[in-house]
Amino acid sequence: MLIVKDVLVSDEIVEEQFICNLKACKGACCWEGDWGAPLETAELHILEQIYEHVAPYLSEEGKAVIKEDGLFTYYKEPKEYGTPLLKNGACAYMTYDEIGIAKCGIEQAYLAGVTDFKKPISCHLYPIRVTENKKTGFESLNYDEWEICSAACQLGKKEQVPVYRFVKEALVRKYGEAFYEELDMIAKYVLREEEE
């Protein structure tokens, strides 16, 4: 375990390799799993503010679920808010492109320039998951190894891209440039030590 600016970072984030391979998985993380994408408290309010701009980029089924269940759902087992799900388990904000790859409707609105919110940080950081210990105030970053991402692991190994580098933009978005630079410096030292 590494400590970067009071954030605990699991060794796997530095040691494992990962690059999303959407051609292989088709974006399965958007429709697999038991709960919707985790949402931070601030993101609940952001969704309320931007939904009218995002709605045109969603499927009719997704809009119907959001109308019925709300913009977010509280999940009892993980004890957190997340995106609502369709009956088949897919995220209500998920859409498909012309070749059948899952896309985030929120991100599509962002790419179209109608909102400045890219997507939930939990999605942007994936395969890193953030766990917060409310008693201590500490956050920990853990690598979420999932079978559906095996092609991403293979591609990451082929290209030699550690998990933390793959999610650089998201780490900078959440923790700032100085956090990423410190993590990168520590990671290079750790990886060099392992090679010796």
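Going by how many other beta carbons lie within 10 Å of each one, how would you line up 121, 101, fewest first?
Values: 121 21, 101 15.
By the 10 Å Cβ count, ascending, the order reads 101, 121.
Compute the relative contact order of region 36-117 as a whole-number percentage, counting only Cα pairs closer than 8 Å that sit 6 or more residues apart in sequence. Could the numbers behind the result be given before it?
Working: 109 pairs, mean separation 27.6, N = 82.
So the answer I get is 34 percent.
Taking the Cβ of each residue in 130, 65 as the centre, tally the other Cβ atoms inside 10 Å and list the residues starting with the fewest. Don't jump to the answer; show the numbers that get you there.
Values: 130 16, 65 22.
Listing 130, 65 from fewest to most nearby Cβ atoms yields 130, 65.
With label points built 7 Å along Cα→Cβ from the Cα atoms of residue 133 and residue 114, find their separation and express it in nm.
4.4
I'd like the trypsin sites (Lys or Arg not before Pro) in region 1-91 restricted to DSSP loop residues with at most 13 other Cβ atoms within 10 Å, sorted by number. Numbers along the way, then the final one.
Numbers: sites: 5, 23, 26, 63, 67, 76, 79, 87; in loops: 5, 26, 76, 79, 87.
Sparse-neighbourhood loop trypsin sites (Lys or Arg not before Pro): 5, 76, 79, 87.
So what is the relative contact order for region 44-196, in percent, with contacts set as C-alpha pairs under 8 Å and at least six apart? Could you put the intermediate results ahead of the total?
On the way: 141 pairs, mean separation 21.2, N = 153.
Once normalised by length, the contact order is 14 percent.
Please go through the residue pairs 76/135; 79/103; 118/158; 26/134; 135/157; 103/135 and name each one whose alpha carbons sit more than 31 Å apart in this structure. List each step's numbers first, then the result.
Working: 76/135 19 Å; 79/103 26 Å; 118/158 28 Å; 26/134 35 Å; 135/157 37 Å; 103/135 36 Å.
The pairs that break the limit, which is 31 Å between Cα atoms, are 26/134; 135/157; 103/135.
Quick one: what does P(r) look like for region 64-196 with 5 Å bins over all Cα pairs, in whole %?
P(r) for region 64-196, in whole percents per bin: 2, 8, 12, 18, 21, 17, 11, 6, 3, 1, 0, 0.
Calculate how steeply helix 177-195 sits against the longest principal axis of the alpha-carbon atoms of the chain, using the helix alpha-carbon long axis, and give the answer as 0 to 90 degrees to the nearest 10.
So the helix axis and the longest Cα principal axis differ by about 50 degrees.
Pull out the extension gain between residue 59 and residue 77, defined as 0.36 nm times the separation in residues minus the alpha carbon to alpha carbon distance; nm, one decimal. Write down the numbers at each step before the final one.
Values: separation 18, 0.36 × 18 = 6.48 nm, distance 2.75 nm.
Extra length available between residue 59 and residue 77 comes to 3.7 nm.
Packing-wise, with mean Cβ within 10 Å as the measure, how do 131-142, 155-166 rank, highest first?
In decreasing order of mean packing, 131-142, 155-166 become 155-166, 131-142.
Any read-out appearing in this document is the output of simple, stated calculations on the displayed coordinates, not a laboratory observation. Just so we're clear, the structure is a prediction, and the values are computed from it rather than from any experiment. Every residue, glycine among them, receives a Cβ derived from its backbone with ideal geometry; neighbour counts consider all protein chains shown.
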